[in-house]
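Enquirer: Please find one structure pasted underneath; my questions will follow.
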Amino acid sequence: MAAATLKADCVNKPFAQRCRDLETVIEELPAKELHGIFPWLVESIFGSLDGIIVGWNLRCLQGRTNPNEYSVALDFLDPSGPMMKLVYKLQAEEYRYDFPVSYLPGPVKASIQEQVLPECSLYHNKVQFPSSGGLGLNLALNPFEYYMFYFAISLITQKNSPVTHHVSPSNSAYFILVDTYLKCFLPTEGSVLPPPSSNPGGAIPSPTPRSPAVPFSSYGMHHTSLLKRHIAHQPSVNADPASQEIWRSETLLQIFVEMWLHHYSLEMYQKMQSPHVKLEVLHYRLSISSKHHGSPAQSSYQALHAYQESFKPTEEHVLVVRLLVKHLHAFSNSLKPEPLSPSAHSHTASPLEEFKRVVIPRFVQEKLYIFLQHCFGHWPLDASFRAVLEMWLSYLQPWRYAPEKPPQSTEPLPRSVSEKWAAFIQENLLMYTKLFVGFLNRALRTDLVSPKNAFMVFRVAKVFAQPNLAEMILKGEQLFLEPELVIPHRQHRLFMSPTLGGSFLSSRSPAVTDASFKVKSHVYSLEGQDFQYKQMFGTEVRNLVLKLAQLICQAQQTAKSISDHSAETMASQSFFSWFRFTPSEANGSYTGNDLDEIGQDSIKKTDEYLEKALEYLCQIFKLSEAQLTQMMMKCGTAQDENGKKQLPDCIASENGLILTPLGRYQIINGLRRFELQYQGDTELQPIRSYENAALVRLLFRLSSALNERFADQMEVLCSRDDFVGRLCRYHLTNPQLIQKIRYSPVVRGRTSQNWGPRISLRFLASYRTLISLLMIYFLASWFYVGPVGCTFIILTGYFLYAVIMTFFFEAWKPHEH
């Protein structure tokens, strides 16, 4: 009865009233009745898994546009709000809720469906076969897990939510809730707040181990969870509060990482699997196939193809992941310094402190690296890549989120990266080196004249140019390239797979003092034993940097050319040119560039960003002044005598000019172009987008009739040597076209008529001209001037303009027969 009433209220009552009613129901009803309402309520808030039901649409709910609903939703879903009270109330009764495996990320879904247990402990002991007549596998989740699963996956499933206004993802209710949950369950100061309990003096039990409902093989070894180690042999109602905070913290992080980062392609999946794991999976598949189906096992490609998915992260998704990365750095950096005595450490380190120590390498590193590689390889070559770039740079700079404050200095000098971060850089070497090469390859294919693209190059160069950072990266590469010692295979693979074994709370691996071994383990665990490492400071990457520096020089010159062209255009524009009262250009072609519209300020910013980026690249890779001078000279050889018009890079051959790959890049990105001109009669050139097609054709017929009717009279007028003759020659003839017609039979055949004097009325078909005439007639009617007066004013103005132009440009030129 209560459920039916609540569902009816969702349609009829205002949002704030519904939330107040829900709060009352949560407080008053017993857990047994709330158990049936909980799945419906979660779906009504976060939307359905198939994306059909939008729910509260938290991703589009903003305080600026909807302040009342925004504040009510945040209060209701707050960690101490009514919804979490409901979660903890049901948690105390150990209820379970089914979550369909088919909506999990592709790799996890495929492995579970093939009865191979994922490595993450989040899925252990939770997979169940469907009941009789049911379809598909399900996860049996406790209320906290069920709530967080829906909350996290709504970022992925609700992509087509209706948006009626511009939404800033970082100001949405969803983004604020992610930040709130991270601060609550992964605190940088103090401990996690204990959950509220309806039992005086009691605690909410952590999930109890469940026997598996289906036999599974596993990706790797199973270790005992530290959570189980802390609460073993204890009644769940009196569980240690420390283990409670660890359980919620670990569960929250695992769910966020699995839902947001556990996506990769078939190629990535094959690369990630170790040889012994792939062999184990293959044997298991063969046994399952022969036992249940009696048919030969499917091919390895077909077996692994199920792990591939079409995954296209959105900009909002990337921003949320960046928020997670930044908070995890702050959380990890809040770790208390280790005691000097090792014996003291084992007795004083709390589970939360242990969690901080391993949170990034154990949970985030591998999946984030794969996620970033996917984005670097598949994201469009436009300015939206800035979100991915900033997420990457946030991960590379954990020192930005360290608790210590930088010393105050009067000079804005860049802060040197401390040596204490050398271990982090070495254990994340591929994040710095391989992804930097990936960025170089992207930058070489983008238009660096665009201020946004130039800024991205500047940002990356500035980060990598921080004092001491390049040296530490180089040190990490040297450690990796050291001759490999003989290492026992089993120990090597165990260390290389930090995520194997599920929970971070496994027994800690023995301390490994060999820095070279750590770097090699990191690289091989992410890329496999047969990975061919490309040195960031090697010859191949250095050549890429030189190419980028050359493109930066070219982009600077292009930006300067655009700036000069825009300035000249503005200076030469007359008042009447806007009204299109001047005759059309001889070739009628567009001589500008789309970048003309970015403005002088943007061009200035582009030049500043590129100049600083080039300076930083020289610092990182020790480029000499001689190399820069040589590049500048090479860039300048393609300029003409005015230093403005640049032809694309090409090679002369017997068949003419052939574009080089660099030349094709320059044309595609608008950096350079060939000067194309219309060689025929201007009256017969294609109709432009700013012209009215019907008027062009009508005015052509009219001007043709006038030219045929008054051809002899115009010829006589143009042959005169006085001012009238010069006036007629300037406006009735086209000397450039006459020369082309005289010496080109091809062009002569494409003229509309004889190449003598003629009237051209095509400029009247321009939309600007039409708008200008309407404005003049409107103003004239405002001042009570009739149509005849308006026509007289227009014709008089045009005649005076023609006389002035003739006087200044043609009046004193001698007549050429």
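The values are calculated or read from the model by the stated rules, or taken from the named source; none is laboratory data. Every value quoted in this text rests on a predicted model; they were computed, and no experiment measured them. Positions of Cβ are backbone-derived with ideal geometry, glycine not excepted, and every protein chain shown enters the neighbour counts. Please note that ligands, DNA and RNA were not included when accessible areas were found on the heavy atoms of the full protein model with its side chains. Shrake-Rupley method; radii C 1.70, N 1.55, O 1.52, S 1.80 Å.
Enquirer: In the set Leu104, Leu34, Leu90, Leu58, which member is in the same structural domain as Phe129 (by the TED database) and surrounded by 18 or more Cβ atoms within 10 Å (Cβ to Cβ)? It would help to see each step written out before you state the result.
Expert: Numbers: Leu34 fails: in the same structural domain as Phe129 (by the TED database); Leu90 fails: in the same structural domain as Phe129 (by the TED database); Leu58 fails: in the same structural domain as Phe129 (by the TED database).
On inspection, the qualifying residue turns out to be Leu104.
Enquirer: If I go through segment 682-723 residue by residue, how many of them are in contact with a strand residue (DSSP E or B) (Cβ under 7 Å, 6 or more places away or on another chain) and of a type in the set (Phe, Trp, Tyr)?
Expert: First, pick out the residues of segment 682-723 that are in contact with a strand residue (DSSP E or B) (Cβ under 7 Å, 6 or more places away or on another chain): 690-691.
Filter once more, keeping what is of a type in the set (Phe, Trp, Tyr): 690.
Of the residues in that region, 1 qualify.
Per-residue answers, yes or no, for (1) under 24 Å from Tyr174 (Cα atoms); (2) of a type in the set (Ser, Thr, Tyr):
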| position | (1), (2) |
| --- | --- |
| Pro39 | yes, no |
| Asn57 | yes, no |
| Tyr70 | yes, yes |
| Asp75 | yes, no |
| Lys85 | yes, no |
| Glu93 | no, no |
| Phe99 | yes, no |
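Enquirer: Limited to segment 778-792, what total is found for residues that are surrounded by 17 or more Cβ atoms within 10 Å (Cβ to Cβ) and either at pLDDT 75 or above or closer than 21 Å to Leu702 by Cβ (or both)? Show your work before the answer.
Expert: Going residue by residue through segment 778-792, those that are surrounded by 17 or more Cβ atoms within 10 Å (Cβ to Cβ) are 780, 790.
Right, trim to either at pLDDT 75 or above or closer than 21 Å to Leu702 by Cβ (or both) and you get 790.
Qualifying residue count, segment 778-792: 1.
Enquirer: Determine the pairs where a residue that is surrounded by fewer than 21 Cβ atoms within 10 Å (Cβ to Cβ), located within segment 441-454, has a partner that is among the hydrophobic types (A, V, I, L, M, F, W, C) and assigned to a loop (DSSP other than H, G, I, E, B) with Cβ atoms under 8 Å apart, the partner being 6 or more residues away or on another chain.
Expert: Arg442/Leu381; Arg445/Leu381
One line per residue, one yes/no per condition, for (1) modelled with pLDDT of 90 or more; (2) in a helix (DSSP H, G or I):
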{"position": "Ala297", "(1), (2)": "no, no"}
{"position": "Tyr307", "(1), (2)": "no, no"}
{"position": "Val320", "(1), (2)": "yes, yes"}
{"position": "Leu335", "(1), (2)": "no, no"}
{"position": "Ser343", "(1), (2)": "no, yes"}
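Enquirer: Just checking, how many residues over segment 22-46 are more than 21 Å from Trp56 (Cβ to Cβ) and of a type in the set (D, E, K, R)?
Expert: Applying the first criterion (more than 21 Å from Trp56 (Cβ to Cβ)) to segment 22-46 yields 28-33, 35.
Restricting the remaining residues to those that are of a type in the set (D, E, K, R) gives 28, 32-33.
Residues that pass the stated criteria total 3.
Enquirer: Moving on. Need the failing condition index for Ser80 against (1) of a type in the set (Ser, Thr, Tyr); (2) within 33 Å of the chain's Cα centre (by Cα); (3) closer than 24 Å to Leu186 by Cα, just the number.
Expert: (2)
Enquirer: Additional query: Identify the single condition in (1) over 18 Å from Phe149 (Cα atoms); (2) at pLDDT 90 or above; (3) open to solvent by 30 Å² or more (accessible area, probe 1.4 Å) that Cys19 does not satisfy, given that it satisfies every other one.
Expert: Against the list (1) over 18 Å from Phe149 (Cα atoms); (2) at pLDDT 90 or above; (3) open to solvent by 30 Å² or more (accessible area, probe 1.4 Å), Cys19 comes up short only on (3).
Enquirer: Any chance segment 528-543 includes a residue that's among the aliphatic types (A, V, I, L, M), at pLDDT 55 or above and more than 30 Å from Leu352 (Cβ to Cβ)? Full working, then the answer.
Expert: Initially, segment 528-543 is screened for residues among the aliphatic types (A, V, I, L, M), giving 536, 541.
Cutting the leftovers down to at pLDDT 55 or above gives us 536, 541.
Imposing the further condition that a residue be more than 30 Å from Leu352 (Cβ to Cβ) reduces the set to 536, 541.
The answer is yes, given that some residue of segment 528-543 is among the aliphatic types (A, V, I, L, M), at pLDDT 55 or above and more than 30 Å from Leu352 (Cβ to Cβ).
Enquirer: Shifting gears a bit: Which one of these does Arg697 not meet: (1) modelled with pLDDT of 80 or more; (2) open to solvent by less than 60 Å² (accessible area, probe 1.4 Å); (3) not hydrophobic (A, V, I, L, M, F, W, C)?
Expert: (2)
Enquirer: Please give the number of the condition Leu671 fails out of (1) modelled with pLDDT under 85; (2) part of a helix (DSSP H, G or I); (3) hydrophobic (A, V, I, L, M, F, W, C).
Expert: Unmet condition: (2).
Enquirer: Could I ask something else about it? Could you check how many residues of segment 425-468 are outside any helix (DSSP H, G or I) and of a type outside the set (A, V, I, L, M)?
Expert: Of segment 425-468, the ones outside any helix (DSSP H, G or I) are 428, 433, 444-450, 465-468.
Subsequent filtering for residues that are of a type outside the set (A, V, I, L, M) retains 428, 433, 445-447, 450, 466-468.
Number satisfying all stated conditions: 9.
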